[in-house]
Amino acid sequence: MKNIVFLHGFGENASIWSEFTKLLNPQNQYHFPDFSEKKDCFSIPEYADWLKNYLDKKKINEAVIIGHSMGGYISVEFCHKYPEMVLGLGLFHSSVAADSEEKKENRDKTIQFLIKHDTNLFIKHFYPNMFTEEFKASNSDFIQKNIEEFSKIPNEALLASTLAMKSRQSHVENISDFKFPIFQILGQQDTFVNYKDALDQTVRMQRPNLLLMDNICHAGMFESPKICAQFINSFLSSF
C-alpha cells in the first residue's frame with residue numbers, strides 16, 4: 001500500500017479527482033489536499049511548505065506526489081525541498097520549467113483581469129480552454145457544471161496563485177537529480193503546456209515514464225480517464 005497525493009491545478013479544486021481515482025488500484029491510500037481557497041501563499045515554495053504541513057498532520061512520511069498543471073509545479077518544488085519524503089512524482093499536464101517571458105506577460109494580463117472582474121467571469125473564459133473542441137462540443141453540461149463549481153474559488157486565491165506561478169523557479173537543471181520514478185502525461189493539443197518542451201525535460205530524468213496522447217488537451221483525467229488511469233496504475237505498481 002502506498003500513499004498517493006493528488007494535487008489539483010489553478011482555477012479548479014480537489015473535486016477534479018473524485019471520479020478519476022475510482023479507476024485506480026483501491027489497495028493504495030489516496031489523499032486530495034485542496035489549496036483552491038488559500039489566499040496567503042504567494043510563491044510555489046510556500047505552497048510546497050503548505051503541502052509538507054498537510055502530510056505531517058496526517059503523519060505521512062513517504063508518498064507519491066501527483067500534480068495537475070499548477071499542482072505539478074508545487075509537486076516538483078516539494079520534491080526539490082523534501083526528496084526524502086517522495087516515492088515518485090507524477091506530472092499531469094505540467095512542466096518543470098519556469099514561465100517564459102510571454103507566459104509572464106499573460107500572467108500579468110490575468111492579474112489585471114482578476115482585479116477588474118469577479119471569479120465567475122474569469123473561470124467562464126478560462127476553464128473551457130482545458131479541453132479539445134471535440135470534447136467541449138459533446139460535454140457542454142459537464143463543463144458548465146464545473147464552471148459553476150470553480151466560480152466559488154475566491155478571487156484573492158486566484159491572484160495569489162497567479163503571482164506564485166509567474167515567479168516560480170525552473171527545475172529543468174536539477175530534474176536529473178531526482179532518483180525516484182517520474183511520469184509525464186501530455187496532450188498534443190495542450191495550449192497551456194507545450195508537449196515538445198516537456199519532452200525535452202523527459203530526457204533529463206533518471207527514471208522517466210511517458211504517456212503522450214494526440215487528441216487530448218489539458219485534462220486527461222476527463223478527456224481520456226481510462227487510458228490515464230491504466231497508465232498511472234502501471235506506474236504505481238512498478239516500484
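Values in this text are rule-based calculations from the coordinates and carry no lab data. Fair warning: this is a prediction, and the values are worked out from it, not measured in the lab. We place every Cβ from the backbone using ideal geometry, glycine too, and count neighbours over all the protein chains shown.
Okay, here's what the table says:
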item: Choice from ASN13, ASN53, ASN129 showing the highest fluctuation, given a GNM over the chain with Cα pairs closer than 10 Å; result: ASN53
item: At most 14 other Cβ within 10 Å, DSSP loop - trypsin sites (Lys or Arg not before Pro), the stretch 60-155; result: LYS152
item: Exposure proxy ranking, count of Cβ atoms within 10 Å, fewest first, for TYR47, TYR54, TYR195; result: TYR54, TYR195, TYR47
item: Overall form of the stretch 106-201 per C-alpha gyration tensor (a/c, 1.5; a/b vs b/c); result: oblate
item: Cα gyration tensor shape of the stretch 94-142, rounded if a/c is under 1.5, else prolate or oblate by comparing a/b with b/c; result: oblate
item: GluC sites (Glu not before Pro) within the stretch 154-239, DSSP loop, no more than 14 other Cβ atoms inside 10 Å; result: GLU173
item: Helical contribution to [θ] at 222 nm, DSSP H n ≥ 4, -39,500 (n - 2.57), averaged over the chain, rounded to 500; result: -13000 deg cm²/dmol
item: Inter-part distance where the stretch 160-225 and the stretch 73-108 are each reduced to a Cα centre, Å; result: 8
item: Which of PHE10, LEU211, TYR30, positive extreme of dipole for the chain (C-beta unit charges); result: TYR30
item: Virtual spin-label span in nm between PHE239 and TRP50, 7 Å along Cα→Cβ; result: 2.6
item: Extension gain (nm, one decimal) between SER18 and LYS81, 0.36 nm per residue minus Cα-Cα; result: 19.9 nm
item: Three-way shape label, the stretch 159-239, alpha-carbon gyration tensor, a/c 1.5; result: oblate
item: Listed residues ILE182, ILE74, ILE60, most fluctuating in the chain (Gaussian network, C-alpha, under 10 Å); result: ILE60
item: Computed over the stretch 31-101: relative contact order in percent, which uses C-alpha pairs under 8 Å that are six or more apart; result: 31
item: The chain, dipole about Cα centre (Lys/Arg Cβ +1, Asp/Glu Cβ -1), debye to the nearest 20; result: 460
item: Cα-based convex hull, the chain, per residue volume (Å³, whole number); result: 112
item: Of PRO208, PRO26, PRO128, the one that fluctuates the most in a GNM where the chain has Cα springs shorter than 10 Å; result: PRO26
item: Relative contact order of the chain, defined on C-alpha pairs under 8 angstrom at six or more residues apart (%); result: 23
